[in-house]
């Protein structure tokens, strides 16, 4: 009986992480990346436009806690990015957290050991991105990363540790690089400038202004709006530091805010853009009224979705296509 229970539990875990064979859609490919940092399972979705010659953009979508990449309650079903990819012509990559790395399948973005270039989750995920570019002939200047919750924290970490790999990063309900150093009861004791210097230091000689998109629910009780506010402040400071190594507002950034009214089945939101005088945005953020700890969008499927929210997947793609690597210094 004990052996049978182990088999059942193991099968259930495998289904949670990897799904069932008939969950594979046309264009889906499963892979395992192997490197000195370990192994990483991921699924790639190839749109019809992939013909072996077109150098398509890539979006890596990193799930949050209680989710998987392409199994049960997956980032794949939550974001519905495959439908968008088939229409617009880009490749989607869904990594899934390794077994037993977290009790609820989180990415360990709050662990200082997982915040560096050559080790742990950042090294594995950057390795996956490089592998996808090589295997499928994708455009290396249009590789983007978007994450939800703990996966959003990992996306921001990747922007700091691998600005040479990822053109942009998106955080949906996530926080800043080094968020683990911030006391929730006394956040002002660790100003965003402090963690910004650490993120900039991680960039090293690869330092560049990596455009960041932030989407945050105003009613999020897991990751409060203050966390998103700090992230915007931190990443603006990181951009300033990459310019001349000083926090001196040398970029002469312009901030513009627009309020979009909601409808009977739509949340209102405030969109803020922080851009250079030339019009290139460094940070764009959406603060969504009446929205909790979810990925918003009209067609998402899963435990952490909100159909009344703005279409986060479409926003991510629009942001990515406007910001190939090199669009900012």
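The values are calculated or read from the model by the stated rules, or taken from the named source; none is laboratory data. This is a predicted model, so every value here is computed, not measured. Cβ coordinates were reconstructed from backbone atoms using ideal geometry, including for glycine residues, and neighbour counts include every protein chain displayed.
Considering only the range 107-138, how many residues are in a loop (DSSP other than H, G, I, E, B) and crowded, with 21+ Cβ neighbours inside 10 Å?
Of the residues in that region, 4 qualify.
Just one of (1) assigned to a loop (DSSP other than H, G, I, E, B); (2) surrounded by fewer than 21 Cβ atoms within 10 Å (Cβ to Cβ); (3) touching a residue at least 60 places away in the same chain (Cβ under 8 Å) trips up residue 102, so point out which.
Unmet for residue 102, out of (1) assigned to a loop (DSSP other than H, G, I, E, B); (2) surrounded by fewer than 21 Cβ atoms within 10 Å (Cβ to Cβ); (3) touching a residue at least 60 places away in the same chain (Cβ under 8 Å): (3).
Can you name the residue in the range 22-46 that is touching a strand residue (DSSP E or B) at 6+ places or on another chain (Cβ under 7 Å) and outside any strand (DSSP E or B) and, of all such residues, is surrounded by the fewest Cβ atoms within 10 Å (Cβ to Cβ)?
Looking at residues that are touching a strand residue (DSSP E or B) at 6+ places or on another chain (Cβ under 7 Å) and outside any strand (DSSP E or B), I get 27.
Of all the residues that make up the range 144-180, how many are touching a helix residue (DSSP H, G or I) at 6+ places or on another chain (Cβ under 9 Å) and not in a helix (DSSP H, G or I)?
Counting residues in the range 144-180 that are touching a helix residue (DSSP H, G or I) at 6+ places or on another chain (Cβ under 9 Å) and not in a helix (DSSP H, G or I) gives 22.
Exactly one of (1) under 28 Å from residue 216 (Cβ atoms); (2) in contact (Cβ under 8 Å) with a residue 12 or more places away in the chain is unmet by residue 133. Its number?
Going through the list (1) under 28 Å from residue 216 (Cβ atoms); (2) in contact (Cβ under 8 Å) with a residue 12 or more places away in the chain, residue 133 breaks only (1).
Scan (1) in a helix (DSSP H, G or I); (2) without any contact (Cβ under 8 Å) to a residue 40 or more places away in the chain for the single condition residue 183 breaks and write down its number.
Checking residue 183 against (1) in a helix (DSSP H, G or I); (2) without any contact (Cβ under 8 Å) to a residue 40 or more places away in the chain, the one that fails is (1).
Checking residue 206 against (1) touching a residue at least 24 places away in the same chain (Cβ under 8 Å); (2) surrounded by 16 or more Cβ atoms within 10 Å (Cβ to Cβ); (3) over 17 Å from residue 148 (Cα atoms): exactly one of these is not met. Which one?
Of (1) touching a residue at least 24 places away in the same chain (Cβ under 8 Å); (2) surrounded by 16 or more Cβ atoms within 10 Å (Cβ to Cβ); (3) over 17 Å from residue 148 (Cα atoms), only one is false for residue 206: (2).
Having 1 or more residues that are surrounded by 18 or more Cβ atoms within 10 Å (Cβ to Cβ) and without any contact (Cβ under 8 Å) to a residue 40 or more places away in the chain is the bar; report the strands (runs of 3 or more DSSP E) wholly within the range 216-295 that clear it.
Per the criteria, 269-275.
Take residue 302 and tell me if it is buried (at least 22 other Cβ atoms within 10 Å of the Cβ) and over 18 Å from residue 231 (Cβ atoms).
Criteria not met by residue 302.
Which of the residues belonging to the range 64-89 are in a loop (DSSP other than H, G, I, E, B), over 20 Å from residue 156 (Cα atoms) and touching a strand residue (DSSP E or B) at 6+ places or on another chain (Cβ under 6 Å)? If you could, list the steps in order and put the result at the bottom.
Residues of the range 64-89 in a loop (DSSP other than H, G, I, E, B): 64-67, 69-73, 80, 89.
If we keep only those that are over 20 Å from residue 156 (Cα atoms) as well, we get 70-73, 80, 89.
Residue satisfying the conditions is 70 alone.
Check residue 61 against each of (1) modelled with pLDDT of 95 or more; (2) buried (at least 17 other Cβ atoms within 10 Å of the Cβ); (3) in a loop (DSSP other than H, G, I, E, B) and name the one condition it does not meet.
Unmet for residue 61, out of (1) modelled with pLDDT of 95 or more; (2) buried (at least 17 other Cβ atoms within 10 Å of the Cβ); (3) in a loop (DSSP other than H, G, I, E, B): (3).
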